[in-house]
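A short write-up of the structure that comes next.
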Amino acid sequence: MNIAIIGKGNVGTALAAGLIAAGHRVIFGVRNPDKPNGTPLQGAEYMGLLDAMKEARIIILATPPTAAPAVAGLFQGLAESSEKTLIDTTNSLFQKPEMYASAYQALEQITGRSVVKCFNSTGAENMANPRYESGAIPMFFCGGSETDKALTRQLCEDLGFSESYDLGGPEAAPMLEQFAGLWIRLSRQGMGRQFAFQLVRR
């Protein structure tokens with residue numbers, strides 16, 4: 001499947017590496033595809049933002065939250081945007097897009113369509129490798145489109161997460177961001193970044 005990742009930070013790079021390993025075509029959308037920032041990722045392609053989104057069936061936003069309105073504006077201009085899945089990995093806990101409560105809200109309101117929230121609730125290290133000695137960890141997502149959520153669930157499986165849990169519609173997006181806040185807080189209080197939450201049943 002053709003997947004565009006907008007943002008080449010830790011999360012975007014970790015997701016890209018896992019998706020390439022799973023056999024997907026990954027295209028980074030960057031400002032200057034001839035001179036992308038950082039070390040090029042083996043197996044990934046680089047295109048301008050709009051070209052990358054045109055090529056992709058799934059578009060993953062992995063930028064700072066403040067970039068969401070600009071990306072949403074480009075997405076809105078795609079003639080075939082209704083056929084694409086848009087996934088938001090950001091957390092607007094420490095910075096927000098101007099005039100919006102979160103990047104997720106900006107994406108929904110500007111594009112006028114459903115957005116999936118996923119790959120935001122744990123650190124990039126766990127995106128790169130969700131497997132621990134005790135087993136793989138779960139991933140959580142929400143969104144308004146069942147079709148988009150089904151594709152997202154498939155990506156979770158391809159990346160090696162044990163299970164993926166659908167938390168419902170867009171109203172669950174703030175909850176997922178607060179969940180990410182708990183992971184971040186523990187990380188900063190001495191847990192480091194090599195830990196994850198697990199879900200167990202009795």
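Details
- In the chain, the calculated helix contribution to ellipticity at 222 nm averages -10000 deg cm²/dmol per residue, counting -39,500 (n - 2.57) for every DSSP H run with n ≥ 4.
- When the charge dipole of segment 1-132 is built from unit charges on Cβ atoms (+1 for Lys and Arg, -1 for Asp and Glu) and taken about the Cα centre, the candidate among V26, A14, P65 whose Cα reaches farthest toward its positive end is A14.
- Cα lying deepest toward the dipole's positive end in the chain, options P174, G123, L41, charges on Cβ: G123
- Relative contact order (%) - criterion: Cα under 8 Å, at least six apart; region: the chain: 18 percent
- Karplus 3J(HN,Hα) series, Hz, for segment 165-171 with 6.51 cos²θ - 1.76 cosθ + 1.60 (x for Gly, Pro): 10, 7, 8, x, x, x, 5
- Interchain or long-range residues, amide H under 5 Å from Y132's placed H: I137
- Among (i) 14; (ii) 11; (iii) 21, the entry that matches percent of Cα pairs over 30 Å apart as calculated here: (i)
- Our analysis of segment 78-175 gives Rg over Rh at 0.99, with the two radii drawn from alpha carbon positions and Rh computed by the Kirkwood formula.
- Estimated distance in nm for a label pair at K35 and Y165, the labels positioned 7 Å out from Cα along Cα-to-Cβ: 4.7 nm
- Net length available on complete extension from A21 to F197 is 60.9 nm, with 0.36 nm assigned per residue and the Cα-Cα distance removed.
- Cβ charges +1 (Lys, Arg) and -1 (Asp, Glu), total dipole of segment 1-71, debye: 60 debye
- Under a Gaussian network description of the chain, with springs only between Cα atoms under 10 Å, the residue in A173, A70, A17 that fluctuates furthest is A70.
- Residues whose placed amide H lies under 5 Å from that of I60, excluding near-sequence neighbours: A4, I5, I6, I87
- Projected onto its three principal axes, the C-alpha set of segment 20-97 covers 32, 30, 25 Å, listed from the longest axis down.
- Along segment 189-195 the Karplus relation, 6.51 cos²θ - 1.76 cosθ + 1.60 evaluated at θ = phi - 60°, assigns HN-Hα couplings of 9, x, 6, x, 10, 9, 8 Hz to successive residues, with x for each Gly and Pro.
- Size of electric dipole in the chain: Cβ of Lys, Arg +1 and of Asp, Glu -1, about Cα centre, debye, nearest 20: 440 debye
- Euclidean distance between Cα centres, segment 7-70 to segment 112-133, Å: 15 Å
- Above 15 Å, the calculated P(r) of segment 59-127 contains 47 percent of its Cα-Cα pairs.
Each reported figure results from applying straightforward, stated rules to the coordinates on display, with no laboratory input. Quantities reported herein were computed from a predicted structural model and do not represent experimental measurements. Cβ: placed from backbone, ideal geometry, glycine included. Neighbour counts: every protein chain shown.
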